[in-house]
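First comes the structure, then the notes that go with it.
The values are calculated or read from the model by the stated rules, or taken from the named source; none is laboratory data. Computed from a prediction, not measured in an experiment: that's the story for all the values here. Cβ placement follows ideal geometry from the backbone for every residue including glycine, while neighbour counts extend to all protein chains displayed.
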Amino acid sequence: MARRAVRGHKTPLNPQLSRFVDTLGFMWEGYGLARGAGRLFGLLLLAPRPLSAAEISDTLRVSRSSVSADVRGLLSIGIVERIRVPGDRTGYYVFSPQAWEHAAAIRRQEARRYRDLAEHTMRALPSSHPGRERLDAFMEWAEIFGDAIDRMLPELRARGRERARGSQR
């Protein structure tokens with residue numbers, strides 16, 4: 001497998017890192033998400049420095065328009081951040097230090113929405129409707145899932161603060 005160079009980067013993606021990036025893309029695609037966004041997620045997770053859209057495009061061997069679409073999606077959910085370098089008009093992208101917290105918060109919000117939807121629908125169904133039992137199990141699942149995320153978030157934040165303190169030393 002050929003090594004992929006990143007412009008201005010002394011460490012190209014070696015075959016193992018390239019496999020990691022590609023595997024994340026396939027995993028995301030398996031969940032019904034964009035493969036390119038999964039690959040971009042993997043690349044920025046590994047990147048030792050901020051990368052421009054051109055560098056991302058060159059490294060992943062995809063069009064700039066694909067990079068732009070994938071970056072927009074990842075920016076919207078807080079996994080990626082855009083930064084500026086003083087004196088340089090180019091935008092650069094980094095993996096957000098709060099990415100895991102944002103991802104958990106999104107899942108928590110989804111769980112609430114699922115529960116609320118099921119609850120609203122349950123009120124509209126007659127007591128004898130055969131779907132009530134499945135809706136009840138769905139509401140229970142959403143409640144348990146949301147509660148688990150609520151318990152996880154403080155620990156995730158504490159570990160993030162710990163990591164940040166460790167990197168400042």
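Summed over the stretch 13-29, the residues that are in contact with a helix residue (DSSP H, G or I) (Cβ under 8 Å, 6 or more places away or on another chain), exposed (fewer than 15 other Cβ atoms within 10 Å of the Cβ) and at pLDDT below 95 give a count of 0. Restricting GLN98, GLN109 to residues that are on the phi < 0 side of the Ramachandran plot, among the polar types (S, T, N, Q) and free of Cβ contacts under 8 Å to residues at least 12 places away in the same chain narrows the list to GLN109.
Take the conditions (1) modelled with pLDDT under 95; (2) surrounded by 14 or more Cβ atoms within 10 Å (Cβ to Cβ); (3) not polar (S, T, N, Q); ARG84 misses just one of them, which is (2). Among the residues of the stretch 46-96, those that are under 17 Å from the mean Cα position of the chain (by Cα), farther than 19 Å from ARG35 by Cβ and either in a strand (DSSP E or B) or of a type in the set (Asp, Glu) (or both) comprise GLU81, ARG82, VAL94.
Screening LEU156, LEU60 for residues that are under 20 Å from GLY25 (Cβ atoms) and not hydroxyl-bearing (Ser, Thr, Tyr) leaves exactly one candidate, LEU60. From the list GLU133, GLU110, pick out the single residue that is more than 29 Å from ALA164 (Cα to Cα), out of contact with any strand residue (DSSP E or B) (no Cβ under 7 Å at 6 or more places or on another chain), charged (D, E, K, R) and not in a loop (DSSP other than H, G, I, E, B). Being more than 29 Å from ALA164 (Cα to Cα), out of contact with any strand residue (DSSP E or B) (no Cβ under 7 Å at 6 or more places or on another chain), charged (D, E, K, R) and not in a loop (DSSP other than H, G, I, E, B) holds for just one of GLU133, GLU110, which is GLU133.
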